[in-house]
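The values are calculated or read from the model by the stated rules, or taken from the named source; none is laboratory data. Just so it is clear, the model here is predicted, and its values are computed rather than measured. Cβ atoms come from the backbone with ideal geometry, glycine included; neighbour counts cover every protein chain shown. When the accessible area is computed, the model is the full protein with side chains, heavy atoms only, and any ligands, DNA or RNA have been set aside. Shrake-Rupley method; radii C 1.70, N 1.55, O 1.52, S 1.80 Å.
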Amino acid sequence: MSGSRTAAVCSTVCSAAAVVALAGAAPAHADDTGSLTAQQIAQRSRAALLGASSLHMTAKGDLGASGAQTSFDLTLDRAGNCRGSVSLGPQGSVQIVKRGSDVWLKPDAAFWKNAVPGGAGALASLVGDRYLKGTTDDPVLRNTTDVCDLDTFRQSVAGATQQPATGLTKGRPTTVDGTAVVPVTGTQQGRTVTLDVATTGKPYPVRITIAKAGAKVPEATVRFDGFDKPVPTATPPADQSVDISGLTNRAT
């Protein structure tokens, strides 16, 4: 698979990581979340996210301000276990399962076409409606599943403070998906970013919406839940998998 496809998968998820860093990394007070300033709420939410051992994250829209419509739905942990899918719009989508160093990928036809120029048909026919199985020792699988490591995501969040949001303001308490939150809004790279932070329990981010300055309809939305819950352990059975070992040679 081409490096550009795997890089695009990683970029999609890391773009979501970047928008979490509304504020810098300064420590925040341990007061009730609702009583804090906008800056402190953003800092506490960032710290809570960085401290999570696992999470479920979904996103849809133009995450990177590039005009490209992407989406993903991933459950991942700091041990590198993961389950979910990533869509790159017209460039295709891929289902991902990862347990330890074992990896299963199930690309759709568009992903095959863009990932393996000239050889997509042969490889797709060999794999069929099955998963491509291998390990992280294979550079292709390792690069594609970088998005499945929560530590990689955390590093993206931790490293995304060079361009923190400006003009942070705190909105009125509300609810998102049944969770009580307080919204914090700021401007980041010319776009309006709103971070909805849980007001009970740990101040985890619940939702992030991203919009062009002045626009009422968001360009992208990221949601978080399932904090510190285990990643599902089920993996595709052998009869639904094709080992990547020697597959390229068979296709040529």
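Summary of computed values
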read-out: Residue in the range 105-127 that is modelled with pLDDT under 85, in a strand (DSSP E or B) and out of contact with any helix residue (DSSP H, G or I) (no Cβ under 6 Å at 6 or more places or on another chain) present; value: no
read-out: Search result, residues across the range 216-245 that are charged (D, E, K, R) and either assigned to a strand (DSSP E or B) or open to solvent by 60 Å² or more (accessible area, probe 1.4 Å) (or both); value: Lys216, Arg223, Asp225, Asp228, Lys229, Asp239, Asp243
read-out: Verdict on Ala165 being exposed (fewer than 13 other Cβ atoms within 10 Å of the Cβ), out of contact with any helix residue (DSSP H, G or I) (no Cβ under 6 Å at 6 or more places or on another chain) and modelled with pLDDT under 85; value: no
read-out: Top-ranked residue in the range 77-111 [being among the hydrophobic types (A, V, I, L, M, F, W, C) and over 20 Å from Asp138 (Cα atoms); ranked as surrounded by the fewest Cβ atoms within 10 Å (Cβ to Cβ)]; value: Ala109
read-out: The listed residue being closer than 30 Å to Thr192 by Cβ, of a type in the set (S, T, N, Q) and modelled with pLDDT of 80 or more, out of Gln91, Gln95; value: Gln91
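Rundown of residues vs (1) at pLDDT 85 or above; (2) polar (S, T, N, Q); (3) assigned to a helix (DSSP H, G or I), yes/no style:
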site: Val19; (1), (2), (3): no, no, yes
site: Arg44; (1), (2), (3): yes, no, yes
site: Leu50; (1), (2), (3): yes, no, yes
site: Ala59; (1), (2), (3): yes, no, no
site: Gly64; (1), (2), (3): no, no, no
site: Gly67; (1), (2), (3): no, no, no
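Let's see how each residue does on (1) open to solvent by 10 Å² or more (accessible area, probe 1.4 Å); (2) at pLDDT 85 or above; (3) part of a strand (DSSP E or B):
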{"site": "Ala180", "(1), (2), (3)": "yes, yes, yes"}
{"site": "Pro183", "(1), (2), (3)": "yes, yes, yes"}
{"site": "Thr192", "(1), (2), (3)": "yes, yes, yes"}
{"site": "Asp196", "(1), (2), (3)": "no, yes, yes"}
{"site": "Lys202", "(1), (2), (3)": "yes, yes, no"}
{"site": "Arg207", "(1), (2), (3)": "yes, yes, yes"}
{"site": "Gly214", "(1), (2), (3)": "yes, no, no"}
